[in-house]
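Every number in this text was worked out from the coordinates using simple rules, so none of it is lab data. Just so we're clear, the structure is a prediction, and the values are computed from it rather than from any experiment. Cβ sites come from the backbone with ideal geometry, for glycine too, and all protein chains shown count toward neighbours.
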Amino acid sequence: MKSVSDDEHLRRFEDQSLPLGLWNHRAHLKVAVTSTTRLPQAKFITLAARHLRPENLFKPWLPTYETKCTTNGQTNRPAFPHLPHIPMQHVTGIGGLFFRSKDPAALGKWYHDHLGIDPVPADYNQKSWSQEAGPTVFAPFPSDTDYFGHADKQWMINFRVRELDALVQQLRAAKIDVTVDPQTYPNGRFARLHDPEGNPIELWEPEP
């Protein structure tokens, strides 16, 4: 990265014009050092909490910085203001499941008619299908697993249900083949079926 002056670096820090791809540990430290001496502490903490990673700021380059700021055994570096804990950002849930289909309209209708999943709204004024709150298992499997059945199937969706036996009876009445696992597990009961395009589906009635 081309070196820039403290003034330029601080300006870019404040107006957020430095491309994120050019940030590195040394740049973090340079900004922090300048900012602690020239920005009001409250403003610096606000910017740092938004843009800097404290673990990069304090660990990799601090010893080098202390060495440069030490004269006759005296360390003259300015004290860093206390940075608030910056929690890791994370997703809040699954917002959609997107997959390829030979006939998207027909397959969407099948899921609506037999499982009650509303189709994608025609415009933004309509609400999307909302699922009930509950446990969600996100589990990558080994590439050679037979848990999904055919090896060409890369995924399987699991739907929670209130009454497994009632839904199985409804599906069978519609001539849909459903296999119920006879065992009851600590986390509930399960059944398997496939949609018209052969995608595996698991039904799960969680333990109350």
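Using packing as a proxy for protection, rank 114-123, 134-143 so that the peptide with the highest average count of other Cβ atoms within 10 Å comes first.
114-123, 134-143
Give me the net charge of ARG189's neighbourhood, meaning all other residues with Cβ under 9 Å from the Cβ of ARG189; Lys, Arg count +1, Asp, Glu -1.
Around ARG189, the surrounding residues sum to -4.
One quarter of the convex hull surface, Cα atoms only: what value does that give for segment 168-208 in nm²?
Working: hull surface 12.6 nm².
Answer in nm², one decimal: 3.1.
How much of the pair distance distribution for segment 130-208 lies past 22 Å, counting alpha-carbon pairs only, in percent?
For segment 130-208, the share of Cα pairs beyond 22 Å comes to 27 percent.
Fewest Cβ neighbours within 10 Å first, please rank ILE94, ILE201, ILE157 accordingly.
Values: ILE94 9, ILE201 19, ILE157 12.
By the 10 Å Cβ count, ascending: ILE94, ILE157, ILE201.
Which net charge results when you count Lys and Arg as +1 and Asp and Glu as -1 among the other residues whose beta-carbon is under 12 Å from that of VAL180?
Charge balance near VAL180 sits at -2.
Among the aspartates and glutamates, which fall within straight-line cross-link reach of LYS109, defined as a Cα-Cα distance under 17 Å, with same-chain neighbours fewer than 8 residues apart omitted?
Candidates past the 8-residue exclusion: ASP118, ASP195, GLU197.
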